[in-house]
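The values are calculated or read from the model by the stated rules, or taken from the named source; none is laboratory data. Quantities reported herein were computed from a predicted structural model and do not represent experimental measurements. Quick reminder, even Gly has a Cβ in these numbers, built from the backbone with ideal geometry, and neighbours come from all protein chains shown.
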Amino acid sequence: MSPWFEYPIYIAVGIFTGFLNTVAGGGSLISMPILIFMGLPGTVANGTNRVATFTQNIFAVGGFHSKGVKLPFPYTYYLSGVSLVGGLIGAWLATDISDVVFNRILAIVMVAVVISIIFNRKSSKKVDDEKMSPSRQVLGTFLFFLLGIYGGFLQAGIGFLVIALLTHVNQFNLIKINYIKVFVAILYTGAAVLIFAIGGKIIWSIGLTLAIGQGTGAWYASRWSVGAGEKWIKRILVVSVIGMAIKLWFF
(Lines give C-alpha, C1' and ligand atoms only; values in the text may rest on other atoms or scores of the structure.)
Protein backbone atom coordinates (compact mmCIF):
# COMPACT_ATOMS: atom_id res chain seq x y z
CA MET A 1 0.00 0.00 0.00
CA SER A 2 1.47 3.34 -1.04
CA PRO A 3 1.65 6.25 1.43
CA TRP A 4 -1.37 8.56 1.15
CA PHE A 5 0.71 11.54 0.05
CA GLU A 6 1.74 9.76 -3.17
CA TYR A 7 -1.80 9.63 -4.52
CA PRO A 8 -2.12 13.37 -5.30
CA ILE A 9 1.12 12.97 -7.28
CA TYR A 10 -0.43 10.16 -9.34
CA ILE A 11 -3.51 12.30 -10.04
CA ALA A 12 -1.38 15.28 -11.11
CA VAL A 13 0.80 13.09 -13.35
CA GLY A 14 -2.35 11.51 -14.77
CA ILE A 15 -3.94 14.84 -15.67
CA PHE A 16 -0.83 15.97 -17.53
CA THR A 17 -0.17 12.70 -19.35
CA GLY A 18 -3.86 12.19 -20.17
CA PHE A 19 -3.93 15.60 -21.83
CA LEU A 20 -0.66 14.95 -23.67
CA ASN A 21 -1.69 11.49 -24.90
CA THR A 22 -4.98 12.80 -26.24
CA VAL A 23 -3.69 15.74 -28.28
CA ALA A 24 -0.26 14.33 -29.21
CA GLY A 25 1.36 11.27 -27.64
CA GLY A 26 4.24 10.11 -25.47
CA GLY A 27 2.50 10.38 -22.10
CA SER A 28 3.55 6.88 -21.08
CA LEU A 29 7.18 7.91 -21.52
CA ILE A 30 6.52 10.21 -18.56
CA SER A 31 4.13 8.21 -16.39
CA MET A 32 6.05 4.92 -16.63
CA PRO A 33 9.37 6.26 -15.28
CA ILE A 34 7.50 8.02 -12.47
CA LEU A 35 5.77 4.78 -11.45
CA ILE A 36 9.12 2.99 -11.47
CA PHE A 37 10.70 5.84 -9.48
CA MET A 38 7.91 5.41 -6.93
CA GLY A 39 9.07 1.83 -6.42
CA LEU A 40 7.02 -0.30 -8.82
CA PRO A 41 8.85 -3.05 -10.74
CA GLY A 42 8.97 -2.40 -14.48
CA THR A 43 6.40 -5.02 -15.47
CA VAL A 44 4.03 -3.93 -12.69
CA ALA A 45 4.45 -0.27 -13.68
CA ASN A 46 3.63 -1.26 -17.25
CA GLY A 47 0.47 -3.12 -16.24
CA THR A 48 -0.64 -0.46 -13.75
CA ASN A 49 -0.14 2.28 -16.35
CA ARG A 50 -2.43 0.41 -18.81
CA VAL A 51 -5.37 0.83 -16.40
CA ALA A 52 -5.00 4.59 -16.61
CA THR A 53 -4.45 4.54 -20.37
CA PHE A 54 -7.58 2.47 -20.92
CA THR A 55 -9.63 4.89 -18.80
CA GLN A 56 -8.09 7.87 -20.57
CA ASN A 57 -9.16 6.54 -23.97
CA ILE A 58 -12.77 6.04 -22.82
CA PHE A 59 -13.01 9.59 -21.47
CA ALA A 60 -11.32 11.04 -24.56
CA VAL A 61 -13.83 9.27 -26.83
CA GLY A 62 -16.65 10.68 -24.70
CA GLY A 63 -15.18 14.18 -24.94
CA PHE A 64 -14.81 14.11 -28.72
CA HIS A 65 -18.29 12.65 -29.11
CA SER A 66 -19.81 15.34 -26.89
CA LYS A 67 -18.37 17.97 -29.24
CA GLY A 68 -19.97 16.37 -32.28
CA VAL A 69 -16.81 15.07 -33.94
CA LYS A 70 -17.68 12.26 -36.38
CA LEU A 71 -15.70 9.08 -36.92
CA PRO A 72 -15.38 7.51 -40.39
CA PHE A 73 -17.32 4.24 -40.19
CA PRO A 74 -16.86 1.39 -40.99
CA TYR A 75 -13.22 2.37 -41.62
CA THR A 76 -12.59 2.94 -37.91
CA TYR A 77 -13.84 -0.57 -37.15
CA TYR A 78 -11.40 -2.02 -39.67
CA LEU A 79 -8.53 -0.13 -38.03
CA SER A 80 -9.59 -1.30 -34.58
CA GLY A 81 -9.76 -4.95 -35.59
CA VAL A 82 -6.46 -5.17 -37.43
CA SER A 83 -4.58 -3.22 -34.75
CA LEU A 84 -5.75 -5.73 -32.14
CA VAL A 85 -4.68 -8.71 -34.28
CA GLY A 86 -1.37 -7.05 -35.11
CA GLY A 87 -0.76 -6.26 -31.46
CA LEU A 88 -1.23 -9.88 -30.46
CA ILE A 89 1.20 -10.99 -33.18
CA GLY A 90 3.71 -8.37 -32.12
CA ALA A 91 3.58 -9.57 -28.53
CA TRP A 92 4.45 -13.09 -29.69
CA LEU A 93 7.34 -11.77 -31.77
CA ALA A 94 8.72 -9.57 -29.00
CA THR A 95 12.44 -9.94 -28.42
CA ASP A 96 15.31 -8.09 -26.76
CA ILE A 97 16.74 -4.91 -28.22
CA SER A 98 19.24 -2.48 -26.77
CA ASP A 99 17.31 0.24 -24.93
CA VAL A 100 19.81 2.91 -25.99
CA VAL A 101 19.66 1.95 -29.67
CA PHE A 102 15.88 1.72 -29.68
CA ASN A 103 15.39 5.03 -27.89
CA ARG A 104 17.63 6.88 -30.32
CA ILE A 105 15.95 5.32 -33.36
CA LEU A 106 12.56 6.27 -31.92
CA ALA A 107 13.74 9.83 -31.25
CA ILE A 108 14.74 10.21 -34.91
CA VAL A 109 11.43 8.71 -36.08
CA MET A 110 9.41 11.03 -33.85
CA VAL A 111 11.17 14.15 -35.12
CA ALA A 112 10.74 13.01 -38.74
CA VAL A 113 7.04 12.38 -38.11
CA VAL A 114 6.34 15.82 -36.69
CA ILE A 115 8.33 17.56 -39.44
CA SER A 116 6.32 15.72 -42.09
CA ILE A 117 3.05 16.79 -40.41
CA ILE A 118 4.04 20.43 -39.92
CA PHE A 119 5.10 20.82 -43.55
CA ASN A 120 2.21 18.81 -44.99
CA ARG A 121 0.44 21.54 -46.96
CA LYS A 122 -2.36 19.16 -47.89
CA SER A 123 -3.49 18.72 -44.29
CA SER A 124 -7.27 18.73 -44.51
CA LYS A 125 -9.46 21.48 -43.16
CA LYS A 126 -12.68 20.21 -44.68
CA VAL A 127 -14.33 16.82 -44.86
CA ASP A 128 -14.24 17.08 -48.68
CA ASP A 129 -10.43 17.11 -48.59
CA GLU A 130 -10.23 13.70 -46.92
CA LYS A 131 -8.96 10.74 -48.94
CA MET A 132 -11.41 7.87 -48.36
CA SER A 133 -11.28 5.94 -51.63
CA PRO A 134 -11.41 2.11 -51.30
CA SER A 135 -7.71 1.88 -52.18
CA ARG A 136 -6.82 4.40 -49.45
CA GLN A 137 -8.88 2.50 -46.90
CA VAL A 138 -7.20 -0.79 -47.85
CA LEU A 139 -3.77 0.83 -47.59
CA GLY A 140 -4.60 2.46 -44.26
CA THR A 141 -5.97 -0.78 -42.84
CA PHE A 142 -2.89 -2.75 -43.91
CA LEU A 143 -0.51 -0.14 -42.46
CA PHE A 144 -2.52 -0.07 -39.23
CA PHE A 145 -2.05 -3.83 -39.01
CA LEU A 146 1.72 -3.26 -39.21
CA LEU A 147 1.43 -0.55 -36.57
CA GLY A 148 -0.40 -3.06 -34.39
CA ILE A 149 2.54 -5.44 -34.70
CA TYR A 150 4.89 -2.59 -33.84
CA GLY A 151 2.75 -1.70 -30.85
CA GLY A 152 2.76 -5.25 -29.54
CA PHE A 153 6.48 -5.61 -30.24
CA LEU A 154 7.84 -2.31 -28.88
CA GLN A 155 4.84 -0.04 -28.02
CA ALA A 156 6.59 3.27 -27.27
CA GLY A 157 5.77 6.19 -29.53
CA ILE A 158 2.97 4.49 -31.44
CA GLY A 159 0.67 7.50 -31.04
CA PHE A 160 3.01 9.66 -33.12
CA LEU A 161 3.09 7.02 -35.87
CA VAL A 162 -0.72 6.81 -35.92
CA ILE A 163 -0.86 10.57 -36.42
CA ALA A 164 1.62 10.36 -39.30
CA LEU A 165 -0.21 7.48 -40.99
CA LEU A 166 -3.68 9.03 -40.91
CA THR A 167 -2.30 12.43 -41.93
CA HIS A 168 -0.60 11.17 -45.07
CA VAL A 169 -2.83 8.26 -46.13
CA ASN A 170 -6.27 9.75 -45.46
CA GLN A 171 -5.44 13.43 -44.89
CA PHE A 172 -7.68 13.68 -41.85
CA ASN A 173 -7.27 16.76 -39.70
CA LEU A 174 -5.57 16.34 -36.32
CA ILE A 175 -8.84 16.55 -34.38
CA LYS A 176 -10.32 13.58 -36.20
CA ILE A 177 -7.00 11.71 -36.08
CA ASN A 178 -6.82 12.04 -32.31
CA TYR A 179 -10.43 10.83 -32.03
CA ILE A 180 -9.66 7.75 -34.16
CA LYS A 181 -6.45 7.18 -32.19
CA VAL A 182 -8.17 6.97 -28.80
CA PHE A 183 -11.19 5.07 -30.15
CA VAL A 184 -9.01 2.36 -31.69
CA ALA A 185 -6.82 2.20 -28.58
CA ILE A 186 -9.74 1.22 -26.34
CA LEU A 187 -9.79 -2.27 -27.81
CA TYR A 188 -6.14 -3.19 -27.49
CA THR A 189 -5.52 -1.36 -24.21
CA GLY A 190 -8.53 -3.16 -22.74
CA ALA A 191 -7.06 -6.48 -23.83
CA ALA A 192 -3.71 -5.49 -22.31
CA VAL A 193 -5.36 -4.63 -18.98
CA LEU A 194 -6.99 -8.08 -18.94
CA ILE A 195 -3.68 -9.83 -19.67
CA PHE A 196 -1.77 -7.88 -17.02
CA ALA A 197 -4.57 -8.42 -14.49
CA ILE A 198 -4.53 -12.19 -15.05
CA GLY A 199 -0.76 -12.11 -14.59
CA GLY A 200 -1.07 -10.20 -11.32
CA LYS A 201 0.91 -7.25 -12.67
CA ILE A 202 -1.45 -4.44 -11.65
CA ILE A 203 -1.58 -2.47 -8.41
CA TRP A 204 -5.19 -1.39 -8.64
CA SER A 205 -5.10 1.38 -6.02
CA ILE A 206 -2.36 3.19 -7.94
CA GLY A 207 -3.74 2.34 -11.38
CA LEU A 208 -7.21 3.64 -10.57
CA THR A 209 -5.82 6.80 -8.95
CA LEU A 210 -3.69 7.48 -12.01
CA ALA A 211 -6.79 6.73 -14.10
CA ILE A 212 -8.73 9.49 -12.33
CA GLY A 213 -6.09 11.97 -13.44
CA GLN A 214 -5.72 10.64 -16.98
CA GLY A 215 -9.45 10.45 -17.49
CA THR A 216 -9.79 14.06 -16.36
CA GLY A 217 -6.93 15.23 -18.57
CA ALA A 218 -8.25 13.32 -21.59
CA TRP A 219 -11.81 14.64 -21.19
CA TYR A 220 -10.60 18.23 -21.02
CA ALA A 221 -8.05 17.77 -23.84
CA SER A 222 -10.56 16.22 -26.23
CA ARG A 223 -13.13 18.96 -25.73
CA TRP A 224 -10.55 21.76 -25.70
CA SER A 225 -8.83 20.57 -28.88
CA VAL A 226 -12.06 20.74 -30.91
CA GLY A 227 -12.37 24.45 -30.16
CA ALA A 228 -8.65 25.21 -30.29
CA GLY A 229 -8.21 23.70 -33.75
CA GLU A 230 -5.19 22.31 -35.57
CA LYS A 231 -2.89 25.26 -34.93
CA TRP A 232 -2.72 24.67 -31.18
CA ILE A 233 -2.62 20.89 -31.57
CA LYS A 234 0.40 21.23 -33.87
CA ARG A 235 2.14 23.50 -31.36
CA ILE A 236 1.64 20.99 -28.56
CA LEU A 237 2.69 18.18 -30.90
CA VAL A 238 5.96 19.97 -31.74
CA VAL A 239 6.78 20.70 -28.09
CA SER A 240 5.96 17.16 -26.95
CA VAL A 241 7.96 15.54 -29.74
CA ILE A 242 11.01 17.70 -29.08
CA GLY A 243 10.80 16.97 -25.36
CA MET A 244 10.32 13.23 -25.84
CA ALA A 245 13.09 13.05 -28.45
CA ILE A 246 15.57 14.78 -26.10
CA LYS A 247 14.60 12.43 -23.28
CA LEU A 248 14.95 9.33 -25.47
CA TRP A 249 18.28 10.41 -26.98
CA PHE A 250 20.08 11.57 -23.84
CA PHE A 251 18.33 9.75 -20.99
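Quick check: is even one residue across segment 169-180 under 20 Å from Ile89 (Cα atoms), among the aliphatic types (A, V, I, L, M) and touching a residue at least 40 places away in the same chain (Cβ under 8 Å)?
If we filter segment 169-180 for residues that are under 20 Å from Ile89 (Cα atoms), which is where we start, we get none.
No, that holds for no residue.
Just to be sure before I move on: is Ile242 part of a helix (DSSP H, G or I) and either buried (at least 20 other Cβ atoms within 10 Å of the Cβ) or in contact with a helix residue (DSSP H, G or I) (Cβ under 6 Å, 6 or more places away or on another chain) (or both) in the structure I sent? Quick ask: steps written out before the conclusion?
Working: part of a helix (DSSP H, G or I): yes; either buried (at least 20 other Cβ atoms within 10 Å of the Cβ) or in contact with a helix residue (DSSP H, G or I) (Cβ under 6 Å, 6 or more places away or on another chain) (or both): no.
Spelling it out, it is not the case that Ile242 is part of a helix (DSSP H, G or I) and either buried (at least 20 other Cβ atoms within 10 Å of the Cβ) or in contact with a helix residue (DSSP H, G or I) (Cβ under 6 Å, 6 or more places away or on another chain) (or both).
Mind checking which residues of segment 86-107 are hydrophobic (A, V, I, L, M, F, W, C), modelled with pLDDT under 80 and outside any loop (DSSP other than H, G, I, E, B)? Write out each step before concluding.
If we filter segment 86-107 for residues that are hydrophobic (A, V, I, L, M, F, W, C), which is where we start, we get 88-89, 91-94, 97, 100-102, 105-107.
After this cut, where a residue has to be modelled with pLDDT under 80 as well, the list is 91-94, 97, 100-102, 105-107.
If the condition is that a residue be hydrophobic (A, V, I, L, M, F, W, C), modelled with pLDDT under 80 and outside any loop (DSSP other than H, G, I, E, B), then Ala91, Trp92, Leu93, Val100, Val101, Phe102, Ile105, Leu106, Ala107 are the ones that fit.
In segment 2-61, which residues are among the small types (Gly, Ala, Ser), part of a helix (DSSP H, G or I) and modelled with pLDDT under 90? First the steps, then the outcome.
The initial filter retains those residues of segment 2-61 that are among the small types (Gly, Ala, Ser), namely 2, 12, 14, 18, 24-28, 31, 39, 42, 45, 47, 52, 60.
From what is left, the residues that are part of a helix (DSSP H, G or I) are 12, 14, 18, 28, 31, 42, 45, 47, 52, 60.
Within segment 2-61, Ser28, Gly42, Ala45, Gly47 qualify.
Name the one entry in Leu147, Leu161, Leu187 that is modelled with pLDDT under 90, within 17 Å of Leu29 (Cα to Cα) and in a helix (DSSP H, G or I).
Working: Leu147 fails: within 17 Å of Leu29 (Cα to Cα); Leu187 fails: within 17 Å of Leu29 (Cα to Cα).
Going through Leu147, Leu161, Leu187 in turn, the sole match is Leu161.
Among the numbered criteria (1) under 13 Å from the mean Cα position of the chain (by Cα); (2) closer than 23 Å to Val241 by Cβ, which one does Phe54 miss?
The one condition Phe54 does not meet is (2).
Yes or no: Ala197 at negative phi, buried (at least 21 other Cβ atoms within 10 Å of the Cβ) and either in contact (Cβ under 8 Å) with a residue 24 or more places away in the chain or in a helix (DSSP H, G or I) (or both)?
Details: at negative phi: yes; buried (at least 21 other Cβ atoms within 10 Å of the Cβ): no; either in contact (Cβ under 8 Å) with a residue 24 or more places away in the chain or in a helix (DSSP H, G or I) (or both): yes.
No; evaluated as a whole, the condition is false for this residue.
Of the residues Leu165, Leu139, only one is free of Cβ contacts under 8 Å to residues at least 40 places away in the same chain, buried (at least 17 other Cβ atoms within 10 Å of the Cβ) and more than 21 Å from Gly62 (Cα to Cα); which? Give the derivation first.
On the way: Leu139 fails: buried (at least 17 other Cβ atoms within 10 Å of the Cβ).
Exactly one of Leu165, Leu139 is free of Cβ contacts under 8 Å to residues at least 40 places away in the same chain, buried (at least 17 other Cβ atoms within 10 Å of the Cβ) and more than 21 Å from Gly62 (Cα to Cα), namely Leu165.
For segment 205-216, does any single residue satisfy the condition of being among the β-branched types (Val, Ile, Thr), crowded, with 17+ Cβ neighbours inside 10 Å, touching a residue at least 40 places away in the same chain (Cβ under 8 Å) and out of contact with any Ser or Thr (no Cβ under 9 Å at 6 or more places or on another chain)? Working first, answer last.
Taking segment 205-216 and keeping what is among the β-branched types (Val, Ile, Thr), we get 206, 209, 212, 216.
Add one more test, that the residue is crowded, with 17+ Cβ neighbours inside 10 Å, and what stays is 206, 209, 212, 216.
Within this subset, residues satisfying the condition of being touching a residue at least 40 places away in the same chain (Cβ under 8 Å) are 206, 209, 212, 216.
Subset that is out of contact with any Ser or Thr (no Cβ under 9 Å at 6 or more places or on another chain): 216.
Taking every residue of segment 205-216 in turn, at least one turns out to be among the β-branched types (Val, Ile, Thr), crowded, with 17+ Cβ neighbours inside 10 Å, touching a residue at least 40 places away in the same chain (Cβ under 8 Å) and out of contact with any Ser or Thr (no Cβ under 9 Å at 6 or more places or on another chain).
Ala24: of a type in the set (A, V, I, L, M, F, W, C) and farther than 18 Å from Leu161 by Cα, yes or no? Walk me through it before giving the result.
Working: of a type in the set (A, V, I, L, M, F, W, C): yes; farther than 18 Å from Leu161 by Cα: no.
Answer is no for this residue.
Could you please find all residues in segment 118-135 being part of a helix (DSSP H, G or I) and either of a type in the set (Ser, Thr, Tyr) or at pLDDT 70 or above (or both)? Before you say what the answer is, go through the steps one by one.
So in segment 118-135, the residues part of a helix (DSSP H, G or I) come out as 118, 127-129, 134-135.
Once the filter is applied, which keeps residues that are part of a helix (DSSP H, G or I) and either of a type in the set (Ser, Thr, Tyr) or at pLDDT 70 or above (or both), segment 118-135 yields Ile118, Asp129, Pro134, Ser135.
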